Amino acid sequence: MAGFFLISNASAQTIQMALIEGGNYTPLYGVGEQSETSVGDFYLDKLPVTYADFQEFVRKHPKWQKSNVTKLFADSRYLSNWENDLKAPANLMDKPITMVSWFAAKAYCECQGKRLPTVDEWEYAAMASTSKRDARSDSLYNVSILRSYEQPKTYMKTVGNSESNYWGVQDMHGMVWEWTQDFNSIILTGESRNNGNTDAGLFCAAGAIGAKDMMNYAAFMRFAMRSSLKANFSLTTLGFRCAKDAGPQNQLTFK
């Protein structure tokens, strides 16, 4: 099982992360005849970002406070449950932050010296059970995920109370949906496929690429959810966590 790491950055919070050792996996959606996708080593926050974390962020970065945020980057629901610009509800401080747009989540991660995980990274890490790095063939594991989707108000759960998966990551299922860097990359136009890394290419779409494994209904629900989003949406059930490339340039201390 992977260990936990603390990534220290003078300009960022120190947040506990887990090393996800890369490999090949077959995503639910793929392009053409591609059957496997390669995922490199990366670090992923052990826990979702909380209200307490995001409150500290907006205090340091006023442009992301709810009365200051550019309307292009967040809809009217953005932080709408906050008491004011600087104060989140006291009873939510240890809950996963929700009501934040993709733009805000992306900015938060970048201010920590991190980034949002890609869809492939998120799905690769999420296919692990407590004991297996790939538990997708385990029917009981898949049923447990589906049952967690049926529970009401899971966004009110306290982070960190679930069991860690094989990698040491918690709360990937049964709490909130999570933003990814390329959240609707499965819906593409010819133009966006060839549009480099511009953000605009992530949000223009015409048709979905076919699902490879329709039996994996839990994953299908996640992909369907992502494809329904726009980058400025802020939902009660949608939060995020950060990722970081694994490499010698990142100074890590084993914990």
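The values are calculated or read from the model by the stated rules, or taken from the named source; none is laboratory data. All values reported here derive from a predicted model rather than from experimental measurement. Methodologically, a virtual Cβ is constructed for each residue, glycine included, from the backbone with ideal geometry; neighbour enumeration extends over all protein chains shown.
For (1) at pLDDT 90 or above; (2) surrounded by 14 or more Cβ atoms within 10 Å (Cβ to Cβ), each residue gets a yes or a no:
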| position | (1), (2) |
| --- | --- |
| N165 | yes, yes |
| Q170 | yes, yes |
| N197 | no, no |
| L202 | no, yes |
| M214 | no, no |
| F220 | no, yes |
| A243 | yes, yes |
| P248 | no, no |
| T253 | no, no |
Residue check for A90: closer than 30 Å to K60 by Cβ, buried (at least 22 other Cβ atoms within 10 Å of the Cβ) and out of contact with any His (no Cβ under 7 Å at 6 or more places or on another chain): no
Single match in F54, F73 (criterion: surrounded by 21 or more Cβ atoms within 10 Å (Cβ to Cβ), more than 16 Å from H173 (Cα to Cα) and among the aromatic types (F, W, Y)): F54
